[in-house]
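K.L.:
Encoded as structure tokens, here's the structure I'll be asking about.
The values are calculated or read from the model by the stated rules, or taken from the named source; none is laboratory data. Bear in mind the structure is a predicted one, so any value in this text is a computation, not a measurement. Heads up, the Cβs are rebuilt from the backbone with ideal geometry, glycines too, and the neighbour counts pull from every protein chain shown. Please note that ligands, DNA and RNA were not included when accessible areas were found on the heavy atoms of the full protein model with its side chains. Shrake-Rupley method; radii C 1.70, N 1.55, O 1.52, S 1.80 Å.
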Amino acid sequence: MKTIIRKVDRGQIDKAVMAEAGEILIRGGLVAFPTETVYGLGANALDEEAAKKTYAAKGRPSDNPLIVHIAGISYLKAIAKEIPEAALKLAEKFWPGPLTMIFDKSEIVPYGTTGGLDTVAVRMPDDEIARELILAGGGYISAPSANTSGRPSTTTAQHVEEDLSGKIEMIVDGGPVEIGVESTIVDMTVVPPMILRPGAITKEMLEEEIGEVTVDKAIITPDSNIAPKAPGMKYRHYAPKADLTVVEGDVNDVIAYINDKIKEAAQKELKCGVIATKETEDRYRDADVKCAGTREDEMTIAAGLYRILREFDDDSVDVIYSEAFYSDGIGSAVMNRLLKAAGHHIVNV
Ligand code: TXA
Ligand code: MG
């Protein structure tokens with residue numbers, strides 16, 4: 001299959017391209033498109049066959065459910081059996097935006113889309129290209145991140161091309177995404193609601209609207225005996241090819257430790273990569289140092305993370321050391337993805 005690539009300007013969305021993409025989706029084909037979080041691999045969410053194609057293109061296990069993307073709150077009623085009051089409040093505040101909510105599914109949502117579950121994950125993305133495309137494609141578009149299963153999610157159309165060219169009908173290129181890590185997932189079928197995946201909408205932001213929100217234990221403690229409630233969180237994805245270690249502690253100790261490790265790697269003739277920040281990048285010696293962003297604005301680190309993990313694959317580094325990121329904001333989502341990429345290998349110095 002030859003993958004069509006179409007550039008779209010967010011300021012002036014080309015209706016003809018949207019119609020072309022919409023037709024492919026309605027026919028049951030696959031179209032990758034930008035959202036504000038990461039690129040999505042779109043398919044008709046109400047078509048079981050389209051879901052099968054999605055799993056095949058990504059090489060993704062079919063027990064890992066897809067998120068259904070909508071472009072207006074009125075679309076929610078047809079796919080969610082029941083919409084709790086708290087969900088309406090959150091939708092009012094955070095949609096369109098990087099928040100996915102889980103509901104009991106209605107009958108029109110096929111089990112192929114929900115990985116066999118009786119619940120459905122729903123999100124209304126903020127990206128205007130995404131919303132136009134959803135409408136053009138019939139209103140219900142399933143979209144996992146548009147990467148090969150196991151690789152870091154894609155934040156540019158070029159990343160999508162690397163992973164999925166020849167396997168999908170079309171890529172809509174809207175340039176680099178804004179946020180860079182996937183949406184926050186909240187299970188609204190339990191009381192109090194539970195965060196299954198951290199993202200740009202934080203626990204504090206949710207609690208401000210609806211009161212107590214819990215966090216799935218499996219995403220806090222890296223104990224492989226606890227199964228995460230979001231099936232996708234059990235896979236070691238977001239992973240670069242090289243072994244990644246996260247180093248936490250006082251910044252000067254972290255830098256000294258990593259510089260020692262760089263020397264050790266050089267003695268073994270291993271190529272070493274470092275994930276640093278604007279504040280520290282000049283303090284590492286003789287390594288492939290990449291700056292994720294600045295600690296003054298952790299949004300920049302989220303935006304750079306997946307690109308950097310992919311670049312390390314291209315550079316064929318053997319080992320990677322990363323500084324740790326903690327904060328109440330998007331830093332917790334960054335750290336969650338980084339620890340998954342590292343297979344939870346973290347050292348305290
Ligand atoms: O930001 C995002 O959410 C992106 C963009 C494209 O919108 N999409 C995304 O999809 O990250 P994906 O498929 O890569 O991740 C979806 C996650 C998986 O961990 C999956 O297991 C979980 O959502 N999930 C989907 N439906 C679920 C359900 N009914 N119950 C529990 N977890 C669910
Ligand atoms: Mg994904």
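K.L.:
Read phi for every residue in the range 8-13 and hand back ³J(HN,Hα) as whole Hz from Karplus 6.51 cos²θ - 1.76 cosθ + 1.60, θ = phi - 60°, with x for Gly and Pro.
P.N.:
10, 8, 4, x, 8, 6
K.L.:
In nm, what is the difference between 0.36 nm times the number of residues separating HIS345 and LYS217 and their Cα-Cα distance?
P.N.:
44.3 nm
K.L.:
What accessible area per residue, rounded to a whole number of Å², is obtained for the chain using a probe radius of 1.4 Å?
P.N.:
42
K.L.:
How much length, in nm to one decimal, is gained on full extension between ALA78 and LEU135, taken as 0.36 nm per residue of separation minus their Cα-Cα distance?
P.N.:
Full-extension gain reported as 19.0 nm.
K.L.:
Could you check the simple spin-label distance between SER165 and GLU204, using points 7 Å along Cα→Cβ, in nm with one decimal?
P.N.:
Taking the two extended label points, one gets 4.3 nm.
K.L.:
Okay, moving on. Want the number for LYS7 to LEU117: 0.36 nm per residue separation, take away the alpha-carbon distance, what's left?
P.N.:
36.0 nm
K.L.:
Okay, next question. Quick one: which residues, 5+ away or cross-chain, put their amide H under 5 Å from the amide H of GLY42? H built at 1.01 Å from N.
P.N.:
The answer is VAL31, ALA32, PHE33.
K.L.:
Further question: Could you list which residues have their amide H under 5 Å from that of TYR321, counting only those 5 or more apart in sequence or on another chain, with H placed in the peptide plane?
P.N.:
Those qualifying (amide H under 5 Å, at least 5 residues apart or on another chain) are THR245, GLY273, VAL274, ILE275.
K.L.:
Specify the angular offset, from 0 to 90 degrees and rounded to the nearest 10, of the alpha carbon long axis of helix 251-267 from the longest principal axis of the alpha carbons in the chain.
P.N.:
80
K.L.:
Roughly what would the spin-label model give for LYS15 and ASP253, points 7 Å off Cα along C-beta, in nm?
P.N.:
Label at LYS15, label at ASP253, 6.2 nm between them.
K.L.:
For the range 84-90, in order, what is each residue's ³J(HN,Hα) by Karplus, 6.51 cos²θ - 1.76 cosθ + 1.60 with θ = phi - 60°, in whole Hz (x at glycine and Pro)?
P.N.:
x, 3, 4, 5, 5, 4, 5
K.L.:
Looking at the square roots a ≥ b ≥ c of the eigenvalues of the Cα gyration tensor of the chain, which shape do they give, rounded for a/c under 1.5, prolate if a/b is larger than b/c, or oblate?
P.N.:
Prolate, since a/c reaches 1.5 and a/b exceeds b/c.
K.L.:
Could you pull out the pairs from LYS52/LYS81; LYS89/LYS217; LYS2/LYS53; LYS58/LYS81 whose alpha carbons sit more than 19 Å apart here?
P.N.:
In this structure, LYS52/LYS81; LYS89/LYS217; LYS58/LYS81 lie more than 19 Å apart at Cα.
K.L.:
First measure r as the distance between the Cβ atoms of LEU88 and GLU269, then evaluate 1/(1 + (r/R0)^6) with R0 = 41 Å and state the FRET efficiency to the nearest 0.05.
P.N.:
FRET efficiency, LEU88 to GLU269: 0.10.
K.L.:
Treating only the Cβ of Lys, Arg, Asp and Glu as charged (+1, +1, -1, -1), what charge dipole size does the chain show about its Cα centre? Round to the nearest 20 debye.
P.N.:
Approximately 940 debye in magnitude.
K.L.:
I'd like the distance between the alpha-carbon centres of the range 248-305 and the range 22-40, rounded to an integer number of Å.
P.N.:
The two parts, judged by their Cα centres, are 36 Å apart.
K.L.:
Just going by the charge dipole of the range 109-205, with Lys and Arg at +1 and Asp and Glu at -1 on Cβ, which of ILE134, MET194, ILE179 is farthest out on the positive end?
P.N.:
Going by the Cα projections, it comes out as MET194.
K.L.:
Defining a contact as two alpha carbons under 8 Å apart and six or more residues distant in sequence, what relative contact order in percent does the range 230-300 show?
P.N.:
Relative contact order of the range 230-300: 21 percent.
K.L.:
Which Cα, out of LEU76, PRO98, SER62, lies furthest along the positive dipole direction of the range 46-120 (beta carbon charges, K/R +1, D/E -1)?
P.N.:
Selected residue: PRO98.
K.L.:
How much FRET efficiency would the formula 1/(1 + (r/R0)^6) give for VAL191 and ASP297, where r is the Cβ-Cβ distance and R0 is 41 Å, rounded to 0.05?
P.N.:
0.70
K.L.:
I've got another one for you. For helix 48-58, report the angle its Cα long axis makes with the longest principal axis of the Cα atoms of the chain; keep it between 0 and 90° and round to the nearest 10°.
P.N.:
With rounding to tens, the tilt is 20 degrees.
K.L.:
What is the percent carbon and sulfur in the accessible area of the chain, measuring with a 1.4 Å probe over the protein chains and ignoring ligands?
P.N.:
49
K.L.:
How far, in degrees from 0 to 90, does helix 15-26 lean away from the longest principal axis of the Cα atoms of the chain, to the nearest 10?
P.N.:
It is inclined by approximately 80 degrees.
K.L.:
Let me have the relative contact order for the range 127-198, percent, based on Cα pairs under 8 Å that are six or more residues apart.
P.N.:
Taking the mean separation of contacting Cα pairs over the length of the range 127-198, I get 19 percent.
K.L.:
What lysines could a cross-link reach from LYS261, if we take a straight Cα to Cα line under 27 Å and drop same-chain neighbours fewer than 8 places away?
P.N.:
Of all the lysines, those that pass the test against LYS261 - Cα under 27 Å, at least 8 places apart if same chain - are LYS241, LYS271, LYS278, LYS290, LYS340.
K.L.:
Explain nothing, just compute: Karplus ³J(HN,Hα) = 6.51 cos²θ - 1.76 cosθ + 1.60, θ = phi - 60°, for every residue of the range 335-346 in order, whole Hz, x for Gly and Pro.
P.N.:
5, 4, 5, 5, 5, 5, 4, 8, x, 6, 8, 10
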